[in-house]
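> Sending over a structure as structure tokens; questions will come in a sec.
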Amino acid sequence: MLRQPRRDRLTQIKPRGHSSKPQARGWLYTTDRFWGVEWVEELHEGFSKRLFTLVGVHIVGVVFASGRHRENLVGAKLHGRKRAAAPDDVG
């Protein structure tokens, strides 16, 4: 009797409110049918480019918000301390 390959438990976890598509795309690479298939590679490349774009937009937004609030938001995130809000702070 042949044993089936063990599936990674992380690919089977589906957090509430999230799509299962990212797990499905990663899973496609592990199958013989889709290994090296061009459209799967292009789909993966497109999603990774979009992800890097969103990361860049997020970083620009953090820098903008830090400047607008006159506070180091990255530092506050790391050490967990923020100054008390002043009456003239941005809401």
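> With a 1.4 Å probe and every protein chain left in place, work out the accessible area per residue of region 32-91 in Å², rounded to a whole number.
90
> With a 1.4 Å probe and all protein chains in place, put Phe47, Phe34, Phe52 in order of accessible area, largest first.
Of Phe47, Phe34, Phe52, the descending order of accessible area is Phe52, Phe47, Phe34.
The values are calculated or read from the model by the stated rules, or taken from the named source; none is laboratory data. Computed from a predicted structure; not experimentally measured. Note: areas computed on protein heavy atoms with side chains; ligands, DNA, RNA excluded. Shrake-Rupley method; radii C 1.70, N 1.55, O 1.52, S 1.80 Å.
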